[in-house]
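S.K.: I have a structure here, written as structure tokens, and I will follow up with some questions on it.
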Amino acid sequence: MKIKNNSASQGGGFYIHSSNTMIINCEILNNTANVDGGGFIIGGNSEIEISFCLIDGNNASGGSGIAIEGSEVNFNKVTIVKNEATHHGGGIYLCHSARPAESIYEHKLVIKLNNKFELSHFGRKTPFFI
């Protein structure tokens, strides 16, 4: 699946809400969101697995690659590169009680060459950056 050159207020490529699904073999390229989720946004207590995907060249205020809001995402062989945020989370933005899956820390995910912090997490009293 290839999602390319789209724009929206949130979730430039697409928006997932209240869903349990798998996204496999995808390219999310050159999408734009005015707010969060240039590539896409996942919200509404969703549980998502993303495997064998490239998320590249997307733009947004936050979470230019992916914005995750109050949901859990598992990654398997995902590359997030060259996404541009104007405020936070060039690669991934975790917010509103997002639950980062262990796959973020198990090297099943490559996040590089994104601006404004590769991964930022906000949801409690203060943000922290990795």
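The values are calculated or read from the model by the stated rules, or taken from the named source; none is laboratory data. Keep in mind that this is a model prediction, so the values were computed, not measured. For neighbour counting, all protein chains shown are included, and Cβ atoms are generated from backbone atoms with ideal geometry for every residue, glycine included.
S.K.: Mind listing whichever residues of region 14-25 are over 15 Å from N74 (Cβ atoms), more than 13 Å from the chain's Cα centre (by Cα) and not small (G, A, S)?
M.R.: Residues of region 14-25 over 15 Å from N74 (Cβ atoms): 14-15, 17-18, 25.
Filter once more, keeping what is more than 13 Å from the chain's Cα centre (by Cα): 17-18, 25.
If the condition is that a residue be over 15 Å from N74 (Cβ atoms), more than 13 Å from the chain's Cα centre (by Cα) and not small (G, A, S), then H17, N25 are the ones that fit.
Listed here are the residues, each with its yes/no results for (1) at pLDDT 95 or above; (2) in contact with an Asp or Glu (Cβ under 9 Å, 6 or more places away or on another chain).
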{"position": "K4", "(1), (2)": "yes, yes"}
{"position": "G11", "(1), (2)": "yes, yes"}
{"position": "Y15", "(1), (2)": "yes, no"}
{"position": "A33", "(1), (2)": "yes, no"}
{"position": "G39", "(1), (2)": "yes, yes"}
{"position": "G44", "(1), (2)": "no, yes"}
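S.K.: Give me a count of the residues in region 43-77 that are in contact with a Leu (Cβ under 6 Å, 6 or more places away or on another chain) and surrounded by fewer than 24 Cβ atoms within 10 Å (Cβ to Cβ).
M.R.: First, pick out the residues of region 43-77 that are in contact with a Leu (Cβ under 6 Å, 6 or more places away or on another chain): 56-57, 68, 75.
Filter again for surrounded by fewer than 24 Cβ atoms within 10 Å (Cβ to Cβ), leaving 56-57.
Final tally of qualifying residues: 2.
S.K.: When the residues of region 98-125 are filtered to those that are more than 12 Å from the chain's Cα centre (by Cα) and within 16 Å of G62 (Cβ to Cβ), which remaining residue is modelled with the lowest pLDDT?
M.R.: Among those residues, the one meeting the criterion is G123.
S.K.: T86 fails exactly one of the following numbered conditions: (1) at pLDDT below 85; (2) farther than 23 Å from M1 by Cα; (3) of a type in the set (S, T, Y); (4) over 13 Å from the mean Cα position of the chain (by Cα). What is the number of that condition?
M.R.: (1)
S.K.: For G62, state whether it is at pLDDT 70 or above and within 15 Å of G43 (Cβ to Cβ).
M.R.: Details: at pLDDT 70 or above: yes; within 15 Å of G43 (Cβ to Cβ): yes.
Yes: the conditions hold for G62.
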